[in-house]
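Peer 1: One structure, as structure tokens, below. Some questions next.
The values are calculated or read from the model by the stated rules, or taken from the named source; none is laboratory data. Just so it is clear, the structure is predicted and the values come from calculations on it, not from any experiment. In this analysis, Cβ positions are derived from the backbone assuming ideal geometry, glycine residues included, and neighbour counts consider all displayed protein chains.
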Amino acid sequence: MSDKFYAEKQAALKHFEALLDEQLERAERIKSVKDFVDYQNLDKLIIGVCGGDGIGPYICKVSRDVLEYMLKDEIDAGKVEIRNIDGLTIENRAAVNKAIPDDVMAELKACHVILKGPTTTPRQGDPWPNIESANVAMRKELDLFANMRPVKVPALGIDWTFFRENTEGGYAVGSKGIKVNDDLAMDFVVTTTEGTERIARLAFEYARKNGINRVDVVTKANVIKTTDGKFLNICKEIGKEYPEISLEDWYIDIMTAKLIDEKRRRDFRVMILPNLYGDILTDEAAEIQGGVGTAGSANIGKRYAMFEAIHGSAPRMVNEGRAQYADPCSMLRAVVMLLRHIGRIEKAEKLEKALDLCMFEEAKIKITGRPDGATNAEFAEYVMSKL
Ligand code: IPM
Ligand code: MG
């Protein structure tokens with residue numbers, strides 16, 4: 001081995017050792033957190049609202065209005081506080097070269113739950129430094145391990161809830177892969193026992209509570225044998241605690257096809273997936289529902305929870321002067337999930353009904369993303385008029 005190769009190998013090993021230490025430490029840490037916070041018995045529940053980038057501040061503003069409207073009695077009684085957190089912008093993140101600036105992180109951690117607009121994720125060629133995605137950083141830092149993404153198309157009999165593992169898989173060290181030399185780069189996939197057990201349990205509990213007797217686990221365990229294999233095996237183990245629920249085991253490629261198989265797709269109800277497959281499959285699912293602009297997403301941890309749209313910040317809409325026509329439905333769906341998560345079930349259901357009415361059943365005004373459609377504020381008014 002030449003000196004050059006030897007030095008590169010030593011540097012890569014050192015890098016790998018640091019990743020290993022970090023993940024071993026994380027695996028221990030997540031085991032020590034036992035119970036979920038009980039949001040109903042807090043003296044005061046604090047909800048943070050981060051506008052984010054691009055269309056984010058627009059769709060977030062009207063979603064905050066709706067949230068405030070729904071919680072007005074509790075806000076007036078001092079039981080709930082809604083706080084704006086303005087600093088989570090790409091400009092601020094770039095200025096400190098950090099996915100989430102420290103002061104913003106402190107503000108986030110002072111809340112119980114967060115409603116977050118989409119944030120711009122820098123990529124090569126952008127004017128921005130190549131910092132980690134703010135979503136990914138927030139999910140990791142607040143340990144929001146479950147990404148719950150419902151997709152419904154009642155007319156087609158579709159009623160899916162995806163449970164995407166949110167802190168591991170290809171994302172755990174996604175921004176810290178090893179550039180060994182000019183010829184070789186390596187990324188890593190991470191699966192931990194606790195990380196898999198907790199997402200599986202949440203999905204099976206959801207199925208049990210909702211009387212659903214089937215759960216589908218989606219991996220690529222035939223190829224990514226060690227980490228996906230572990231994920232699948234643990235889901236099967238947890239599944240044994242739920243004898244009334246059957247578990248089906250799918251590979252991601254064929255599942256991607258089955259989502260557009262009209263005869264089979266109605267059978268799916270609850271799906272559990274490692275992070276990256278969950279990312280990809282939920283965009284496909286949202287498209288079937290009417291576009292990524294229609295889908296909301298809940299990022300759930302034991303201490304914190306964050307609710308957001310599943311789509312990005314759409315800078316093109318802002319550049320073309322169309323931000324006020326961006327579809328707020330994804331964020332409004334996120335508000336429904338937030339209300340449900342904090343135990344305000346009746347309010348969640350009321351808002352969900354109004355949204356179904358405005359989006360599908362009555363649909364008196366439509367969002368098109370362009371001036372021929374309604375503005376996000378008009379749509380929010382329409383929804384509030386139905387509450
Ligand atoms: C999502 C998004 C993010 C992800 C991006 C913005 C990093 O696509 O929430 O699905 O990959 O998780
Ligand atoms: Mg995605």
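Quick grid of which residues meet (1) within 12 Å of the chain's Cα centre (by Cα); (2) closer than 30 Å to Arg269 by Cα:
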position	(1), (2)
Gly87	no, no
Ile90	no, no
Ala95	no, no
Thr120	no, no
Leu142	no, yes
Arg149	yes, yes
Gly157	no, yes
Phe163	yes, yes
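Peer 1: Could you check, for the range 143-163, whether at least one of its residues is within 15 Å of ligand 1 (Cβ to nearest atom), modelled with pLDDT under 95 and surrounded by fewer than 18 Cβ atoms within 10 Å (Cβ to Cβ)?
Peer 2: For the range 143-163, residues within 15 Å of ligand 1 (Cβ to nearest atom), modelled with pLDDT under 95 and surrounded by fewer than 18 Cβ atoms within 10 Å (Cβ to Cβ): absent.
Peer 1: Can you name every residue in the range 25-49 that is closer than 20 Å to Tyr171 by Cβ and either in a loop (DSSP other than H, G, I, E, B) or touching a residue at least 40 places away in the same chain (Cβ under 8 Å) (or both)?
Peer 2: Arg26, Ala27, Ile30, Lys31, Val33
Peer 1: Counting only residues that are within 16 Å of ligand 2 (Cβ to nearest atom) and of a type in the set (Ser, Thr, Tyr), give me the helices (runs of 4 or more DSSP H) lying completely in the range 247-324 with at least 2 of them.
Peer 2: It comes to 275-289.
Peer 1: Of the numbered conditions (1) within 14 Å of the chain's Cα centre (by Cα); (2) within 16 Å of ligand 1 (Cβ to nearest atom); (3) assigned to a helix (DSSP H, G or I), Val335 satisfies every one except a single condition; which is it?
Peer 2: (2)
Peer 1: For the range 138-194, name all the residues that are under 30 Å from Lys9 (Cβ atoms) and part of a strand (DSSP E or B).
Peer 2: Gly169, Ile178, Lys179, Val180, Asn181, Leu184, Ala185, Met186, Val190
Peer 1: Looking only at the range 164-195, filter to residues that are at pLDDT 95 or above and among the hydroxyl-bearing types (Ser, Thr, Tyr); which one of those is nearest to ligand 1 (Cβ to nearest atom)?
Peer 2: Looking at residues that are at pLDDT 95 or above and among the hydroxyl-bearing types (Ser, Thr, Tyr), I get Tyr171.
Peer 1: Restricting to the range 2-24, give me the number of residues that are of a type outside the set (D, E, K, R) and either loosely packed, with under 10 Cβ neighbours inside 10 Å or not in a helix (DSSP H, G or I) (or both).
Peer 2: 1
Peer 1: Exactly one of (1) closer than 18 Å to Phe163 by Cα; (2) under 22 Å from the mean Cα position of the chain (by Cα) is unmet by Phe188. Its number?
Peer 2: (1)
Peer 1: Just to be sure I understand the filter: pairs with C-beta atoms under 7 Å, separated by 6 or more residues or on different chains, first member in the range 272-285 and within 9 Å of Gly169 (Cα to Cα), second member part of a loop (DSSP other than H, G, I, E, B) and more than 12 Å from ligand 1 (Cβ to nearest atom). Which pairs pass?
Peer 2: Close Cβ pairs satisfying both conditions: Asn275/Glu168.
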